[in-house]
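All of the numbers you see were taken from the coordinates with simple rules; none came from a lab. Predicted model, so just to flag it, every value in this text is computed and none were measured. All Cβ positions, even for glycine, are placed from backbone atoms using ideal geometry, and neighbour counts span all protein chains on display.
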Amino acid sequence: MPDIAAMQKMTPAQLEAYKQKLLKQYSQQAKAMSADSNIKIDETALPDFAILQPQKDLAKLASLPKQPPTLIQLADGLRASKKVLESVMPKPVLEEVQKITSTQNSAQQQSASIAAFYNDKPAEALLLAMHSTLQNTGEPTAWNNLAALYNLSGLSEKAIPVLMNQLQTLPNNPMLLNNMGQAYLNLGDIANAKDYLQRCLAQDSMNPEANHSMGLIHFFEKQFDEGAKYFEKELQVV
């Protein structure tokens, strides 16, 4: 608790510094309690929240292919990733995935995958998306949804090769362009992120995700007025 007696002797500047110290301390305690109790909190509401630019992940960026992989290469890599994921998946989850994939078509599996992710089952969601995509490797929506899940799961280095392939035949698809922008933003490559997000917005000026990320990028660059314009566009849709 604050030391009231000590505070009464402080100058205004010392009081402000003490206040900031306490706010930071309480924010850290809230985050620790959230982690310990597995309770999600809105960290943007905490007093020490700050918009920080993602660190550039040089290792992951260097691992990206120089040329777009072929569809055969993507499918082969996806089968290998699926096998690895299945090897570490708990048996009840594998049984649930098997039940879904044996009774639902590819499009239904994609919907189940999205539902699983937002029900806090990321591994199940990813496995369903992998299975659905391998069932219909010629379907761009399946690959795009898989890339989106890779991004949401912190695997943007896997999303980029998928999107590189799909953008060869659909270079102006706003969903693909947005997901590519999000992937590069996650890896801290701001220049590429901005390029793809701007290309997305050229096709779909009200895309909420692209507008949100462009707003963040301008905030990173201290261009607050310009960033606010993108956030306003995002809110018009949401």
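What is the gain in length, in nm to one decimal, between Glu95 and Lys83 on full extension, counting 0.36 nm per residue of separation less the C-alpha to C-alpha distance?
2.8 nm
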Computed lengthening from Ser106 to Leu71, 0.36 nm per intervening residue step minus Cα-Cα distance: 10.8 nm
Subset of Lys82/Lys194; Lys31/Lys56; Lys60/Lys222; Lys60/Lys91; Lys24/Lys194 violating a 29 Å alpha-carbon distance limit: Lys82/Lys194; Lys60/Lys91; Lys24/Lys194
Model label zone, Leu61; criterion: amide N under 12 Å from point 7 Å along Cα-to-beta-carbon; scope the stretch 171-190: 184-190
Crossing angle, helix 106-118 versus the chain [Cα axis fit, 0-90 degrees, rounded to tens]: 20 degrees
Using a Förster distance of 22 Å, the FRET efficiency for Lys229-Asp195 (Cβ separation, nearest 0.05): 0.75
Rounded tilt (10° steps) of 156-169 against the dominant C-alpha axis of the chain: 50 degrees
Extreme residue, positive dipole direction of the stretch 58-204, given options Leu74, Gln109, Leu167 (C-beta unit charges): Leu74
Residue order, fewest to most surrounding Cβ atoms within 10 angstrom, among Arg79, Arg199: Arg79, Arg199
Inter-label distance, nm, simple model (7 Å from Cα along the C-beta direction), Ile39/Leu170: 4.2 nm
Isotropically averaged projected area of the stretch 47-115, using the convex hull of Cα atoms (one quarter of hull area), nm²: 8.8 nm²
Estimated D of the chain in µm² per second, where Rh is the Kirkwood radius over Cα pairs and Stokes-Einstein applies at 37 °C, 0.692 mPa s: 161 µm²/s
With Cα atoms, 0 to 90° folded angle of helix 174-186 axis to the chain main axis: 50 degrees
Proxy reagent accessibility, fewest Cβ within 10 Å first, across Leu61, Leu187: Leu61, Leu187
Pairwise FRET efficiency - Lys31 versus Val237, Cβ, R0 = 35 Å, nearest 0.05: 0.70
Relative contact order computed over the stretch 58-204 (Cα-Cα under 8 Å; 6+ residues apart), in percent: 21 percent
Among Glu139, Glu124, Glu221, residue whose mean-square fluctuation peaks in a GNM of the chain (springs only between Cα atoms under 10 Å): Glu221
Kirkwood hydrodynamic radius (C-alpha pairs) into Stokes-Einstein, the stretch 136-179, 37 °C and 0.692 mPa s, D in µm²/s: 324 µm²/s
